[in-house]
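A.B. asks: A single structure is presented below for examination.
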Amino acid sequence: MRWDIFCQIVDNYGDAGVCWRLARSLTSLHGQDVRIFCDDLPTLNLLASGVDPEIKSRIDIQPWEASHNNSRHPVEAPDVVIEAFGCDLPERYLAGLLIAPKKPLIINLEYLSAESWILDFHQKASPQAHGIPKYFFFPGFQAHAGGILIDPIPKGLTEQPIPNPLEAIWKRLRPDTKRISVFCYPGAPLLKWLEDLAAMGKDYDIVLTHGQLEQLQLSSGHPTKALTLPDSIQLFPIPFVSQDEYDWLLAQCDFNIVRGEDSFVRAQLAGKPFIWHIYPQVDRAHEIKLAAFLDLYLADASQELKHGVMAAMNWAMPSMWHQSIDAWGTHSKAWHADLLEKQADGGLASRLIGFVA
Ligand code: TRH
């Protein structure tokens with residue numbers, strides 16, 4: 001089938017991250033024909049840069065405005081139009097669809113949530129005045145939700161060679177030292193967290209993704225002064241890497257701090273303990289979303305593990321929950337296996353194709 005994916009980047013990288021991962025799943029795993037119209041091509045291309053050129057060449061990446069140029073008569077509509085995260089379609093594109101002899105199906109691809117209410121809305125019609133059929137599609141962890149994006153299949157990520165941009169830094173990491181990757185929003189008490197970690201007396205190598213060092217420095221109150229942390233904690237800032245390279249990094253670390261939607265899923269697929277710094281919303285809806293996820297994630301965990309993980313996810317200091325880390329490691333592997341089993345049908349991309357079909 002032919003798919004047009006519309007991706008409007010509100011802020012950050014998550015919108016592009018999800019659209020790109022979906023596009024590549026549809027093409028490389030399912031042989032679909034995909035165009036992405038995006039209002040911020042530099043960001044999209046940054047994420048997509050490390051990918052196998054053969055896969056990239058099969059996805060038609062276009063600027064948002066290019067969707068207006070449907071000059072063919074009669075207008076040829078794709079089979080499916082994806083409005084990622086409910087973005088509005090450009091008016092001229094929509095006008096073209098209205099006069100096309102064959103109408104597409106429009107899908108409003110929503111944000112991932114573990115909340116149970118999504119099951120009542122998933123795949124439900126969203127009738128429009130223009131009459132083109134439109135449906136909601138909710139990604140989710142539950143069996144009857146829209147699934148999660150599992151491409152590229154995480155198997156074997158740990159055995160892959162060190163990506164080029166990380167090679168020099170990787171050689172400086174200390175052998176037999178635990179590695180923690182950090183990708184979180186401003187506002188996390190990261191400096192205090194690292195100081196607490198240091199006070200526990202073990203060595204840790206901290207891989208800081210693009211911009212995290214500056215965030216840490218700002219939070220120290222001395223943006224121009226070098227941070228003073230004990231030698232046991234070594235900081236390794238890395239540049240912004242491609243999505244594949246970032247996936248590799250998560251698979252290589254012992255613990256990951258992630259955020260948003262896409263890195264949150266990848267941390268689970270890495271099978272390691274992680275802190276999800278969920279995107280903060282003014283109405284505090286994120287607290288409900290985090291609680292809903294933890295309900296699922298910890299459903300069969302012991303009381304002790306539940307306490308430990310819930311404390312960690314709410315930014316309690318590592319000394320408060322480090323005694324749970326071994327049990328958390330075992331739990332992460334089991335959650336990962338269970339997640340893959342639940343997505344054995346191919347996850348979100350397959351379910352989307354199945355629904356459209
Ligand atoms: O960037 P984010 O904070 O995006 C967020 C979320 O999507 C959130 O739901 C949305 O409401 C908000 O934006 C507007 O976090 P997320 O979702 O993890 O996306 C980051 C993407 O960037 C992900 O695909 C991984 C990728 N990435 C790289 O490719 N290279 C890197 O170096 C890093 C750090 C990330």
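A.B. asks: I'd like the orientation of helix 243-252 relative to the chain: the angle between its Cα long axis and the longest Cα principal axis, in ° from 0 to 90, rounded to 10.
C.D. replies: For 243-252 against the chain, the angle is about 30 degrees.
A.B. asks: Now a separate question. Amide H to amide H, which residues 5 or more places from PHE255 or on other chains are under 5 Å from it, using H placed in the peptide plane?
C.D. replies: Close amide H contacts, sequence-distant or interchain: ARG179, SER181.
A.B. asks: Starting from 0 in steps of 10 Å, tell me what percent of the Cα-Cα pairs of the chain lands in each bin.
C.D. replies: Values per bin, smallest distances first: 5, 23, 32, 24, 12, 4, 1, 0.
A.B. asks: Taking the simple approach of a point 7 Å from Cα along Cα-to-Cβ for both ILE169 and ALA357, what is their distance in nm?
C.D. replies: With each label placed 7 Å out from Cα toward Cβ, I get 4.1 nm.
A.B. asks: If you bin the C-alpha pair distances of segment 18-116 every 10 Å from 0, what whole percents do you get?
C.D. replies: Here the calculated profile for segment 18-116 is 13, 44, 34, 8, 0.
A.B. asks: Moving to a separate point now. If I fit a long axis through the Cα atoms of helix 285-297 and take the longest principal axis of the Cα atoms of the chain, what angle between them do I get, 0 to 90°, rounded to 10?
C.D. replies: 80 degrees
A.B. asks: So if each residue of separation counts as 0.36 nm, and I subtract the Cα-Cα distance between GLN142 and ILE325, what length gain in nm does that give?
C.D. replies: Numbers: separation 183, 0.36 × 183 = 65.88 nm, distance 2.58 nm.
So the chain would gain 63.3 nm between GLN142 and ILE325.
A.B. asks: If amide hydrogens are placed 1.01 Å from N in the peptide plane, which non-local residues have theirs closer than 5 Å to the one on ILE61?
C.D. replies: ILE36
A.B. asks: Per-residue HN-Hα couplings for segment 260-266, Karplus 6.51 cos²θ - 1.76 cosθ + 1.60 at θ = phi - 60°, whole Hz, x for Gly and Pro?
C.D. replies: x, 10, 6, 5, 4, 5, 5
A.B. asks: Still on this structure: Using a 10 Å cut-off around each Cβ, can you sort PHE37, PHE121, PHE236 from fewest to most neighbouring Cβ atoms? Mind dumping the intermediate values first?
C.D. replies: Numbers: PHE37 25, PHE121 13, PHE236 17.
In increasing order of surrounding Cβ atoms, one gets PHE121, PHE236, PHE37.
A.B. asks: First measure r as the distance between the Cβ atoms of MET1 and ASP254, then evaluate 1/(1 + (r/R0)^6) with R0 = 51 Å and state the FRET efficiency to the nearest 0.05.
C.D. replies: Details: r = 41 Å, r/R0 = 0.81.
In this case the efficiency is close to 0.80.
A.B. asks: Another question about this same structure. Of PRO186, LEU29, TRP170, which is farthest on the positive side of the dipole of the chain, counting Cα position, with +1 on Lys and Arg Cβ, -1 on Asp and Glu Cβ, and the Cα centre as origin?
C.D. replies: Going by the Cα projections, it comes out as LEU29.
A.B. asks: If you scale each eigenvalue of the Cα gyration tensor by 5 and take the root, what three semi-axes come out for segment 223-288, rounded to whole angstrom and sorted largest first?
C.D. replies: On the way: eigenvalues 111, 72, 32 Å².
Three semi-axes, in Å: 24, 19, 13.
A.B. asks: Over segment 190-234, what per residue volume does the convex hull of the Cα atoms give, in whole Å³?
C.D. replies: Values: hull volume 2.9 nm³, N = 45.
Enclosed volume per residue, from the Cα hull, is 64 Å³.
A.B. asks: Using the Kirkwood formula on the Cα atoms of segment 98-209, what hydrodynamic radius do you get, in angstrom to one decimal?
C.D. replies: Working: mean 1/r = 0.0522 Å⁻¹.
Across segment 98-209, the inverse of the average 1/r is 19.2 Å.
A.B. asks: While we're on this one: Once every Cα of segment 139-272 carries one equal point scatterer and solvent is ignored, give the base-10 log of I(q)/I(0) from the Debye formula at q = 0.13, 0.14, 0.17 Å⁻¹, two decimals.
C.D. replies: -0.59, -0.68, -0.96
A.B. asks: Can you work out the base-10 log of I(q)/I(0) for segment 130-185 at q = 0.22, 0.27 1/Å, using the Debye formula on its C-alpha atoms alone?
C.D. replies: Values, matching the q order: -1.07, -1.19.
A.B. asks: Answer with one residue from TYR279, PHE236, ALA301: the one whose Cα lies farthest towards the positive end of the charge dipole of segment 157-342, charges on Cβ with Lys, Arg +1 and Asp, Glu -1.
C.D. replies: PHE236
A.B. asks: Moving on to the next point. What ³J(HN,Hα) values, in whole Hz, does the Karplus curve 6.51 cos²θ - 1.76 cosθ + 1.60 give for segment 159-169 when θ = phi - 60°, with x put for Gly and Pro?
C.D. replies: Coupling constants for segment 159-169: 8, 6, x, 5, x, 3, x, 9, 4, 4, 5 Hz.
A.B. asks: Under 8 Å for C-alpha pairs, at least 6 residues apart: give me the relative contact order for segment 157-342, rounded to a whole percent. All intermediate terms of the calculation are to be shown ahead of the outcome.
C.D. replies: Details: 229 pairs, mean separation 41.9, N = 186.
Relative contact order of segment 157-342: 23 percent.
A.B. asks: Under a point-charge model restricted to the Cβ atoms of Lys and Arg (+1) and Asp and Glu (-1), what is the dipole moment magnitude of the chain relative to its Cα centre, in debye to the nearest 20?
C.D. replies: 180 debye
A.B. asks: Could you pull out the pairs from LYS192/LYS333; LYS124/LYS289; LYS56/LYS178; LYS103/LYS342; LYS134/LYS289; LYS56/LYS342 whose alpha carbons sit more than 23 Å apart here?
C.D. replies: The answer is LYS192/LYS333; LYS56/LYS178; LYS103/LYS342; LYS134/LYS289; LYS56/LYS342.
A.B. asks: Got a sec to turn the phi values of segment 124-138 into Karplus ³J(HN,Hα) couplings, 6.51 cos²θ - 1.76 cosθ + 1.60 with θ = phi - 60°, whole Hz, x for Gly and Pro?
C.D. replies: Result, ordered by residue: 8, 6, 10, x, 10, 4, 6, x, 6, x, 9, 9, 7, 9, 10 Hz.
A.B. asks: Could I ask something else about it? Volume per residue, Å³, of the convex hull around the alpha-carbon atoms of segment 73-135?
C.D. replies: In segment 73-135, the Cα hull volume divided by residue count equals 81 Å³.
A.B. asks: Using only Cα atoms, find the angle between the long axis of helix 303-313 and the longest principal axis of the chain, and express it within 0 to 90 degrees, rounded to the nearest 10.
C.D. replies: Once rounded, one gets 80 degrees.
A.B. asks: Subtracting the Cα-Cα distance from 0.36 nm times the residue separation, let me have the gained length for HIS68 to MET200 in nm, one decimal.
C.D. replies: On the way: separation 132, 0.36 × 132 = 47.52 nm, distance 5.83 nm.
Residue separation times 0.36 nm, minus the Cα-Cα distance, leaves 41.7 nm.
A.B. asks: Additional query: Which far-off residues, 5 or more places away or on another chain, put their amide H under 5 Å from the one on TYR135, with H placed in the peptide plane?
C.D. replies: ILE106, ILE107, ASN108, SER126
Values quoted throughout were computed directly from the atomic coordinates according to the rules given, and no laboratory measurement underlies them. Computed from a predicted structure; not experimentally measured. Note: ideal-geometry Cβ built from the backbone for every residue, glycine included; neighbour counts use all protein chains shown.
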